[in-house]
1. For the stretch 160-190, give me the residue count where each residue is of a type in the set (S, T, N, Q) and either open to solvent by 30 Å² or more (accessible area, probe 1.4 Å) or assigned to a helix (DSSP H, G or I) (or both).
2. Within the stretch 126-139, which residues are under 21 Å from the mean Cα position of the chain (by Cα) and open to solvent by less than 10 Å² (accessible area, probe 1.4 Å)?
3. Collect the residues in the stretch 549-604 that are farther than 30 Å from ALA305 by Cβ, of a type in the set (Lys, Arg) and open to solvent by 60 Å² or more (accessible area, probe 1.4 Å), keeping them in residue-number order.
4. State whether the residues of the stretch 290-299 include one that is assigned to a helix (DSSP H, G or I) and either buried (at least 21 other Cβ atoms within 10 Å of the Cβ) or among the aliphatic types (A, V, I, L, M) (or both).
5. If a residue has to be open to solvent by less than 50 Å² (accessible area, probe 1.4 Å) and outside any loop (DSSP other than H, G, I, E, B) to count, how many in the stretch 197-219 make the cut?
6. Does ILE528 satisfy being open to solvent by 10 Å² or more (accessible area, probe 1.4 Å), of a type in the set (Val, Ile, Thr) and within 22 Å of the chain's Cα centre (by Cα)?
7. Select from the stretch 531-551 the residues that are in a loop (DSSP other than H, G, I, E, B) and closer than 20 Å to PHE381 by Cβ and write down the one among them that is farthest from the chain's Cα centre (by Cα).
Amino acid sequence: MGLLAGIYSEDLRSDLNSRLPKMIACQVHRDKMTPIVWFEEKCAIGMVNQHAAAFTSGYSNNNEQAPQQEQGIGEIHAFVDGIVLNVQQHASYFESKGGIVCPLDCSAIIGHAYAEWGMDFMNHLDGEFSCAVWDGKMQRLILARDVYGKKPLHYYYNGKELVFSSEIKGILKAGIVPDVDRISLSDFMSLNCIPYPATIFKDIYQVPPGSLLIFNGKCLSIQRYWYHDISVDSSITFDQAVYDLENAIRDSIRKRLIGEDIYCFLSGGIDSSTVVSYAAELSSRSVHAITVGFAEDEANELDDAAIMARHVGAIHHPVIASPDSFLQMLDELVFHHDSPFTDTSAYPSYFAAKLAHEFTDIILTGDGPDQIFSGSAHHVFAENHDIFTSRNWIVQFAMRFGASCAGCLTNDPTPTTFSRVQRKLYRESLSPVHAAYDLRSYFPDIVKRYMCSDDFWQIHVDNNPYRHPESWFSDAQGLDSVNQYLFADMRFYVPDNLMIKVDRMSMAHGLETLSPFLDKNVAAIANILPGNFKLRRGQQGPLLTKYILREICNKRLPKELLVKKKKGFGIPLGKWLRHDGGEFLKQVLLDTRTLSRGYFKKESIEKMIKVFLDNRGDYFFPSVNGLVSLLTLELWHRRYLDR
């Protein structure tokens with residue numbers, strides 16, 4: 001848990017003393033401890049983190065990459081949101097070099113690491129954190145973010161001052177006037193979320209995962225210190241890979257066993273069950289497993305979780321949530337996201353974190369294996385249909401011509417035999433990568449064109465959202481198709497969807513989550529494995545997802561859990577949106593304010609709602625998640641731009 005906020009301004013009239021407290025106060029849900037603030041003439045930084053106090057030290061060595069001793073004694077101020085792992089191990093190293101690590105906490109370790117290794121300090125640290133370091137001697141500010149983007153860090157720079165904050169709402173409280181970035185909004189509609197470093201706000205950006213932002217008052221630069229690179233080692237055997245990966249997972253979980261009582265989320269799936277299994281093995285005390293179910297849950301896993309808890313002797317805490325109305329809660333979820341969103345699992349995640357916080361303030365999760373070891377239905381579909389195979393340009397041209405002719409007859413995407421033929425023709429005319437992500441989109445191109453005003457559609461034409469996945473797959477050239485898709489997921493889905501959801505929904509309640517699968521040492525093994533170690537066709541035909549992880553689990557998990565189908569949080573979303581004849585949908589999406597934004601055509605919104613309420617739609621149109629994205633977009637406008 002924790003938060004960061006700060007301002008560096010060349011304008012000495014900038015009121016740092018009054019602006020910084022406001023930036024911190026609006027994020028107090030992340031950590032309710034007393035803020036620690038530090039002020040200098042041009043710079044002010046604040047943090048709240050009950051696991052780490054702010055740290056100040058002088059330079060301590062003559063390492064070439066660190067500021068030099070002969071340049072004079074200067075101060076290093078370090079601030080952190082999140083947790084640095086292996087604090088005691090790092091402290092022993094620095095004390096062996098003559099340093100004094102006091103207090104023994106995350107900020108102190110970061111400060112000493114910067115003094116020791118300079119700009120290379122993040123490569124020597126391990127953990128799930130973002131941080132700010134002020135180098136008083138060099139008069140420079142360094143912002144750093146962990147390799148998977150587990151902890152958020154945003155910034156705004158106008159040439160005169162740099163404003164940064166864990167959550168975007170902190171930047172707005174500094175007096176920055178919000179505006180929508182229409183290119184990012186177009187990307188959001190096509191890709192379901194916004195690729196970093198952009199955000200939905202114009203001129204507000206994310207510090208990219210695995211990167212440093214360096215600012216000296218005049219020049220701002222981004223320097224990457226870690227890159228998620230997949231480079232397959234064809235010589236590794238499957239047995240050796242299993243051995244190495246099992247050890248890496250065990251070590252990753254061991255590092256994250258913080259405190260006397262260990263708590264884990266347990267759904268009953270193999271990911272969270274694996275974490276509970278190793279935690280029970282490594283902990284000297286019985287671990288606590290928290291399972292959250294919902295009264296209306298369409299895929300409740302409480303029974304599966306109970307089987308796993310008994311299997312390892314965990315203390316099981318099953319909880320049935322009776323959450324507030326989903327529609328009433330949407331505005332609250334938008335507040336915590338600072339953005340419109342499409343991932344409706346944020347709703348059950350919010351309540352899972354709320355209930356878990358009644359037991360603990362740190363909990364282990366099973367996030368990540370779907371994107372590391374290939375557990376997504378998208379990966380299975382891609383392999384079964386060989387969707388990334390190059391296409392014949394003559395066939396593509398013919399398909400494009402056919403789709404264009406069909407579009408001239410009607411542009412209505414309401415499901416009919418004719419519209420389904422048009423969909424197929426259009427997708428066959430696209431590049432394989434464009435087609436794959438159009439299929440994943442809640443607003444595929446045909447639907448988006450139908451919905452959008454001419455001006456907003458032109459933004460799509462001028463800034464093709466699929467430029468992003470095309471670049472990810474270009475960077476992954478030479479890899480097998482499974483690893484190409486995983487590379488793209490790690491570049492995009494993990495930091496820009498999964499980690500945003502996990503952080504915002506857990507930190508809404510001040511709950512710190514630690515994700516053992518999202519670990520650099522686990523990645524070092526996973527990223528050298530060929531795709532068929534991760535996604536492999538079984539003897540009876542169907543593809544086996546997360547194959548290597550299942551091999552590890554064979555001797556650790558009950559058999560009934562290994563063969564059950566993937567469930568996850570299930571909520572009756574369609575039922576809720578149709579409640580009371582869809583009155584909430586109509587009130588929000590057909591409101592004069594909504595329609596006046598200039599994004600969408602009124603008749604298209606009306607048709608989308610009618611087809612949905614009449615239950616005449618399909619996955620393509622109208623997407624239930626697409627309706628949620630339109631609702632959250634409007635609620636975001638009202639909360640952030642209309643006030």
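The values are calculated or read from the model by the stated rules, or taken from the named source; none is laboratory data. It should be emphasised that the depicted structure is a prediction, and the values quoted were computed from it without experimental measurement. As a convention, Cβ positions derive from the backbone with ideal geometry for all residues, glycine included, and neighbour counts pool all protein chains shown. Surface accessibility is based on the protein's heavy atoms, side chains included, excluding ligands, DNA and RNA. Shrake-Rupley method; radii C 1.70, N 1.55, O 1.52, S 1.80 Å.
1. Residues flagged as of a type in the set (S, T, N, Q) and either open to solvent by 30 Å² or more (accessible area, probe 1.4 Å) or assigned to a helix (DSSP H, G or I) (or both) within the stretch 160-190 amount to 3.
2. Looking only at the stretch 126-139, we keep the residues that are under 21 Å from the mean Cα position of the chain (by Cα), and these are 126-132.
Hits for the stretch 126-139 are GLU128, PHE129, SER130, CYS131, ALA132.
3. Residues satisfying the conditions are ARG578, LYS586, ARG593, LYS602.
4. Taking the stretch 290-299 as the starting set, the residues that turn out to be assigned to a helix (DSSP H, G or I) are none.
Within the stretch 290-299, none of the residues are assigned to a helix (DSSP H, G or I) and either buried (at least 21 other Cβ atoms within 10 Å of the Cβ) or among the aliphatic types (A, V, I, L, M) (or both).
5. Of all residues in the stretch 197-219, those open to solvent by less than 50 Å² (accessible area, probe 1.4 Å) come to 198-201, 204, 206-215, 217.
Pick out the ones that are also outside any loop (DSSP other than H, G, I, E, B) and you get 201, 204, 206, 211-215.
The number of residues fulfilling the criteria is 8.
6. Values: open to solvent by 10 Å² or more (accessible area, probe 1.4 Å): yes; of a type in the set (Val, Ile, Thr): yes; within 22 Å of the chain's Cα centre (by Cα): no.
No, not satisfied.
7. Let us first name the residues in the stretch 531-551 that are in a loop (DSSP other than H, G, I, E, B), namely 534-535, 538-542, 545-546.
In the following step, the residues that additionally are closer than 20 Å to PHE381 by Cβ were identified as 534-535, 538, 540-542, 545-546.
Numbers: LYS534: 22, LEU535: 23, GLY538: 31, GLN540: 35, GLY541: 33, PRO542: 30, THR545: 22, LYS546: 20 Å.
Taking the candidates together, the pick is GLN540.
For (1) modelled with pLDDT of 95 or more; (2) under 28 Å from the mean Cα position of the chain (by Cα); (3) surrounded by 19 or more Cβ atoms within 10 Å (Cβ to Cβ), each residue gets a yes or a no:
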{"position": "THR417", "(1), (2), (3)": "no, no, no"}
{"position": "GLN422", "(1), (2), (3)": "no, no, yes"}
{"position": "TYR426", "(1), (2), (3)": "no, no, yes"}
{"position": "VAL433", "(1), (2), (3)": "yes, yes, yes"}
{"position": "TYR437", "(1), (2), (3)": "yes, yes, yes"}
{"position": "PHE443", "(1), (2), (3)": "yes, yes, yes"}
{"position": "ILE446", "(1), (2), (3)": "yes, yes, yes"}
{"position": "TYR450", "(1), (2), (3)": "yes, no, yes"}
{"position": "SER453", "(1), (2), (3)": "yes, no, no"}
